[in-house]
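So the structure is just underneath, and the comments pick up after that.
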Amino acid sequence: MLDKAYDAKKYEDAIYMKWEDSGAFKADANSKKPPFTISMPPPNATGQLHLGHAIMLALEDILIRHRRMKGYEALWLPGTDHAAIATQNKVEKVLAEEGITREQLGRESFLGRVREYVANSQDIIRNQVRKMGSSCDWSRERYTLDDDLNTAVNEVFVRMFEDGLIYRGHRIVNWCTRCSSTLADDEVEYVEAQSSFYYIKYGPVTIGTARPETKFADKVVIVHPDDERYKDYVGKEIEIDWIDGKIKAKFIADKEADMEMGSGAMTITPAHSFVDFDLAQKYKLEVMPIIDTDGKMLPVAGEFAGMDALECRGKLVKKMDKLGLLESIDENYSHNLSVCYRCNTAVQPLVSNQWFIDVNKKIKSLGGKSIKQKSVEVVKKKEIEIIPNRFDKTYFHWMDNLRDWCISRQIWWGHRVPVWYCVGDEKCKPSCKNPIVSRETPKECPHCKSKNLKQDEDTLDTWFSSGLWTFSTLGWPEKTADFKKFHPTSVLETGYDILFFWVARMIIMTTYATGEIPFEKVYLHGLIRDKEGRKMSKSLGNGIDPIEMIEKFGTDALRMSMVIGNTPGNDMRLYEEKIMAYRNFTNKLWNASRFVIGIFEEKGIKKAPELDLGSLSDADEWILSKTYSTISAVDDALMNYRISEAGQLLYDFLWNDFCDWYLELSKGDKQNIAVLYHVLSTTLKLLHPIIPFVTEQIWTELPGSSGMLITEPYPEPLDRDFDADSIDLVTEVISAIRRMRAENKIQAADKIPVVLYGHKEMHALEKNMAELVRLARISELTLKDDGPKLPGAATDVAAGVDILIPLAGLVDTEKEKIRLKKEIDNLAKYIATLSGKLSNKNFVQNAPKAVVEGEQKKLADAEVRMNKMKEQVDNL
RNA sequence: GGGCGCUUAGCUCAGUUGGUUAGAGCGUCUGGUUUACACCCAGAAGGUCAGAGGUUCGACUCCUCUAGCGCCCACCA
């Protein structure tokens, strides 16, 4: 016998072990089944599982389990990401508590510390992924720093270099002075900040800036070609007074200058501004760095050299004021300050020697297209479908505006750039200065044969390696069976917040490296927020710990609460009451099963009873009809990624149809063991992808159950129609009687006499008299075709059946009158709407026949009901 | 500045190509231990679907505009 309430904690871990040990999660590359593949977005190999992971795991596990049961060769490949900067920062923080820096430790010892830290977190993550019930193939688990993934990284790097896509250059980059590293454009975030804005006299013009300390070497003024004010200066060099005396300033006309803004003239600082850098390139101007990579002023700043940039600003402004260069200061200037997405330190644009990927170079292997064009094309051509598709626009916009991607980072933790330099050998030729780009550590310099080689100090952007995730994890560049069978993957499921960081880069890297798309669909889920709609964060302390919720309500409840009532791409709020509601659902399922299994035990059923479709009661027909329409609807929803809908359908079916009606109906003498078994086991299968643990546990308690639910085939629709009409009618009549009882304050325990005039529905009523009597708590049921009004009886009409409760003493006449009047008013309005509709020629002509007929039937029914109600009022 | 989303019952949200007297869960109210379940059962109240126009026989659904909230991108000399 099952426990009275389902206690998730008691079963979940053991069930997971059973699944995992059975090999049910393992995919077979040699299978003949069609593949269905998901590459799990690898959680960072640091810290803990959070709700973002939890919803990802829940959604993906649902898809995988459904397809596995449907007969696909389902591979869900798990792994972790080394998360370069994020991880290095964490370990640096730990070190800081010990009072040491990574420089003090040295590169190798530091990396040792990081590896230690990562190994520990990976264990935590793995266990938490298991806690969520994730049916992923652990035998194929990967880590972005695994040797074979490193091989893939080097392979792609070398190929891109050989194709001229990767180059090294002095270019302007985003620089985080705290991380001492470059950042990609989208790794920069913007926060609103208040600061001072300075108006400075620059010869004949006034320039405005928030960062005067970058202005030491400004020698070019840009004005708009149409600006009349500065027409005479354009193309000329003018001597002006500047910070350290007289300099020559050149005037250039370019549309970049905005006539409306300030004085309409601006000076440019090519080394510390992206726009200015582009202008400098365009006009071949000198790019003079002012600030170094530590955020300190360079010698060009004269007396300020070596000073921190911010400190310099204050002192410089004072000096400018003395020189009469400062015109005014706007103290309330608000602007967007660019900060590092990992540590929130202000980002300094500066010029540095870095590795880049050229996103605009057209290459042969992509049919003369650039990687950017190719990535746009696969989505435009619907080879990749983004769900919801409104994110197409966002994706295209981002791709169209993508600049060359800076991929080198000056941190230690990550894939070392596979480039070597020949250092200091007497025989060195000039050509030795060319970098040696190689898949493997080269033994000697190809030019001078020197063995004194030094590898590039930099590591690669973490998104470079995660961009390869769908194929590097399948053994590429080897032509493995796994790669052939499981790539391209079927769907990438992840949060919309990493559409650019990751999804877009996967498309770029995969189409380039493999000539295949990485995945056929992208399913983007929204962010999980707290009850007030705020983002969950450590500082607010409003985060929900998924592991804690699992302890409290069970994994199934947590999974279901994150999946129902949520549509792709939209954020959702999550809180305990919501999870509790689905805990209640798992308990409902448990108890319904407990009831059914109890009956089996009572009757000594030891194996699955055979379903005899030849001898079914109306109730059996009804529940089978609902079951089979649910199978189709749920399957259709899941195949088309409408996961919430699938969950909702099953919730309603189990609770409303199966428990509230069918189980109650089955408590009578027409109880059909085989139907009970069949419907329950089908429901368990349908629910299994969403709530795997409780369904698996119940499955093992079913008589004759062998094996595991996880490997059961998914239910298929039957080629036979079932008749739901009779019981639809009966439930409607029962509900009407119950309503009348409640309105007349008839005690639930009291049984009452009821008269039914069945009219056309006699047959259905006659067959189900016992059910009516029991579920409506009737003492004496009189059933006739038609009959007289009964004085003092409460009356209603449901589904064409007259319902009369003739016990004068039971019925409160006054209340009954009020109720009827209200109902009559209601009906009158309804009838007016309907007849208005039907008297409209255009409606009758244009609307589909079925719709018109539907409306006519509604009108007829309403009129019948109206008349009965009126008669009844007179009768009281 | 460009783009996107949201606005539906007290709260949180569904609503698939336009045709339901607009749904669910929670909450509220009224009853209730009847062969599983009080993590429950039966019943009820509660909405001019943000506002204004338009298309249509018909709009929560399509179009335009307005308002509020939120997000993304760009810019910020």
Has the stretch A:320-330 got at least one residue that is under 30 Å from A:I411 (Cβ atoms), more than 31 Å from the chain's Cα centre (by Cα), without any contact (Cβ under 8 Å) to a residue 60 or more places away in the chain and open to solvent by 60 Å² or more (accessible area, probe 1.4 Å)?
no
Residues in the stretch A:706-736 that are touching a helix residue (DSSP H, G or I) at 6+ places or on another chain (Cβ under 8 Å) and either free of Cβ contacts under 8 Å to residues at least 40 places away in the same chain or within 12 Å of RNA strand B (Cβ to nearest atom) (or both): how many?
5
When residues of the stretch A:285-296 are limited to those that are among the hydrophobic types (A, V, I, L, M, F, W, C) and more than 24 Å from A:P204 (Cβ to Cβ), the one least open to solvent (accessible area, probe 1.4 Å)
A:I291
From A:M40, A:M132, which residue is open to solvent by less than 30 Å² (accessible area, probe 1.4 Å) and closer than 29 Å to A:V188 by Cβ?
A:M40
Quick one: would you say A:L686 is on the phi < 0 side of the Ramachandran plot, within 15 Å of RNA strand B (Cβ to nearest atom) and either buried (at least 18 other Cβ atoms within 10 Å of the Cβ) or not in a loop (DSSP other than H, G, I, E, B) (or both)?
no
So A:K361 ticks every box in (1) open to solvent by 30 Å² or more (accessible area, probe 1.4 Å); (2) under 30 Å from A:P435 (Cβ atoms); (3) modelled with pLDDT under 90 but one. Which box is left unticked?
(3)
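Scan the helices (runs of 4 or more DSSP H) fully inside the stretch A:789-876 and keep the ones with 1 or more residues being among the aromatic types (F, W, Y). Reasoning before the result, please.
Details: elements: A:813-839, A:841-846, A:849-875.
By residue number, A:813-839, A:841-846.
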Residue that is open to solvent by less than 40 Å² (accessible area, probe 1.4 Å) and within 11 Å of RNA strand B (Cβ to nearest atom), where the choices are A:V634, A:V694, A:V675, A:V679
A:V694
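Within 13 Å of RNA strand B (Cβ to nearest atom) and among the aromatic types (F, W, Y): is that true of A:F501 in this structure?
Values: within 13 Å of RNA strand B (Cβ to nearest atom): yes; among the aromatic types (F, W, Y): yes.
Taking the combined requirement at face value, the residue satisfies it.
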When (1) touching a Lys or Arg at 6+ places or on another chain (Cβ under 6 Å); (2) over 30 Å from A:I411 (Cα atoms); (3) polar (S, T, N, Q) are applied to A:S22, the one that fails is (1)
For the stretch A:14-37, how many residues are closer than 16 Å to A:P692 by Cβ and surrounded by 13 or more Cβ atoms within 10 Å (Cβ to Cβ)?
8
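Got at least one residue in the stretch A:165-182 being open to solvent by 30 Å² or more (accessible area, probe 1.4 Å), under 30 Å from A:T37 (Cα atoms) and at pLDDT 90 or above? Break it down stepwise before answering.
So in the stretch A:165-182, the residues open to solvent by 30 Å² or more (accessible area, probe 1.4 Å) come out as A:167-168, A:170-171, A:177-178, A:180.
Filter once more, keeping what is under 30 Å from A:T37 (Cα atoms): none.
No, every residue in the stretch A:165-182 fails to be open to solvent by 30 Å² or more (accessible area, probe 1.4 Å), under 30 Å from A:T37 (Cα atoms) and at pLDDT 90 or above.
Please enumerate the residues belonging to the stretch A:85-123 that are hydroxyl-bearing (S, T, Y) and in a helix (DSSP H, G or I). Reasoning before the result, please.
Narrowing the stretch A:85-123 to residues hydroxyl-bearing (S, T, Y): A:87, A:101, A:109, A:117, A:121.
Of everything in the stretch A:85-123, those that are hydroxyl-bearing (S, T, Y) and in a helix (DSSP H, G or I) turn out to be A:T87, A:S109, A:Y117, A:S121.
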Mind listing whichever residues of the stretch A:641-663 are more than 6 Å from RNA strand B (Cβ to nearest atom), open to solvent by less than 60 Å² (accessible area, probe 1.4 Å) and under 17 Å from A:A619 (Cβ atoms)?
A:F653, A:L654, A:D657, A:F658, A:W661, A:Y662
Search the stretch A:80-100 for residues that are under 20 Å from A:I407 (Cα atoms) and aliphatic (A, V, I, L, M) and pair each with any residue that is open to solvent by 10 Å² or more (accessible area, probe 1.4 Å) and in a helix (DSSP H, G or I) when their beta-carbon atoms are under 6 Å apart and the residues are at least 6 apart or on different chains.
A:A83/A:T462; A:A84/A:T462
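Consider the stretch A:561-615. How many of its residues are hydrophobic (A, V, I, L, M, F, W, C) and under 30 Å from A:G52 (Cα atoms)? Can you show your working first?
First, the residues of the stretch A:561-615 that are hydrophobic (A, V, I, L, M, F, W, C): A:562-564, A:572, A:574, A:579-581, A:585, A:589-590, A:592, A:595-597, A:599-600, A:605, A:608, A:611, A:613.
When the remaining residues are screened for being under 30 Å from A:G52 (Cα atoms), the result is A:562-564, A:572, A:574, A:579-581, A:585, A:589-590.
Matching residues across the stretch A:561-615 total 11.
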Looking at the stretch A:743-760, can you tell me whether even one residue there is away from RNA strand B (no atom under 16 Å from the Cβ), under 24 Å from A:Y662 (Cα atoms) and surrounded by fewer than 14 Cβ atoms within 10 Å (Cβ to Cβ)?
no
Out of A:A847, A:A860, which single residue is open to solvent by less than 70 Å² (accessible area, probe 1.4 Å), under 29 Å from A:K822 (Cβ atoms) and among the aliphatic types (A, V, I, L, M)?
A:A860
Just one of (1) surrounded by fewer than 17 Cβ atoms within 10 Å (Cβ to Cβ); (2) touching an Asp or Glu at 6+ places or on another chain (Cβ under 8 Å); (3) outside any helix (DSSP H, G or I) trips up A:R739, so point out which.
(3)
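Just to check your reading of the model, which residue among A:M549, A:M560, A:M572, A:M580 is closer than 25 Å to A:G647 by Cα, in contact (Cβ under 8 Å) with a residue 60 or more places away in the chain and within 16 Å of RNA strand B (Cβ to nearest atom)?
Working: A:M549 fails: in contact (Cβ under 8 Å) with a residue 60 or more places away in the chain; A:M572 fails: in contact (Cβ under 8 Å) with a residue 60 or more places away in the chain; A:M580 fails: in contact (Cβ under 8 Å) with a residue 60 or more places away in the chain.
Unique residue meeting the criteria: A:M560.
Would you check which residues across the stretch A:135-145 are outside any loop (DSSP other than H, G, I, E, B) and either crowded, with 20+ Cβ neighbours inside 10 Å or not small (G, A, S) (or both) and list them?
Of the residues in the stretch A:135-145, the ones outside any loop (DSSP other than H, G, I, E, B) are A:138-140, A:142-143.
Hits for the stretch A:135-145 are A:W138, A:R140, A:R142, A:Y143.
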Taking the options A:L613, A:L624, name whichever one is touching a residue at least 40 places away in the same chain (Cβ under 8 Å), open to solvent by 20 Å² or more (accessible area, probe 1.4 Å) and more than 15 Å from RNA strand B (Cβ to nearest atom).
A:L613
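The rows are residues; the columns are (1) of a type in the set (A, V, I, L, M, F, W, C); (2) in contact with a Ser or Thr (Cβ under 7 Å, 6 or more places away or on another chain); (3) open to solvent by less than 30 Å² (accessible area, probe 1.4 Å); (4) farther than 29 Å from A:V351 by Cβ.
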{"residue": "A:H415", "(1), (2), (3), (4)": "no, yes, yes, no"}
{"residue": "A:W420", "(1), (2), (3), (4)": "yes, yes, yes, no"}
{"residue": "A:V423", "(1), (2), (3), (4)": "yes, no, no, no"}
{"residue": "A:N434", "(1), (2), (3), (4)": "no, no, no, no"}
{"residue": "A:K443", "(1), (2), (3), (4)": "no, no, no, yes"}
{"residue": "A:P446", "(1), (2), (3), (4)": "no, no, no, yes"}
{"residue": "A:Q455", "(1), (2), (3), (4)": "no, no, no, no"}
{"residue": "A:D461", "(1), (2), (3), (4)": "no, no, yes, no"}
{"residue": "A:E478", "(1), (2), (3), (4)": "no, no, no, yes"}
Looking at the stretch A:629-642, is at least one residue in contact with an Asp or Glu (Cβ under 8 Å, 6 or more places away or on another chain), more than 19 Å from A:Y714 (Cα to Cα) and either modelled with pLDDT of 90 or more or of a type in the set (D, E) (or both)?
no
If you check A:K821 against the conditions, is it basic (K, R), more than 9 Å from RNA strand B (Cβ to nearest atom), modelled with pLDDT under 85 and open to solvent by 80 Å² or more (accessible area, probe 1.4 Å)?
yes
Scan of the stretch A:331-373 for residues that are assigned to a strand (DSSP E or B) and without any contact (Cβ under 8 Å) to a residue 12 or more places away in the chain, ordered by number:
A:K369
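The values are calculated or read from the model by the stated rules, or taken from the named source; none is laboratory data. Because the structure is a prediction, the values reported are computed rather than measured. Don't worry about glycine lacking a Cβ; one is built from the backbone with ideal geometry, like all the others, and counts go over all protein chains shown. Side chains are part of the model used for accessible areas, which takes the heavy atoms of the whole protein and leaves out ligands, DNA and RNA. Shrake-Rupley method; radii C 1.70, N 1.55, O 1.52, S 1.80 Å.
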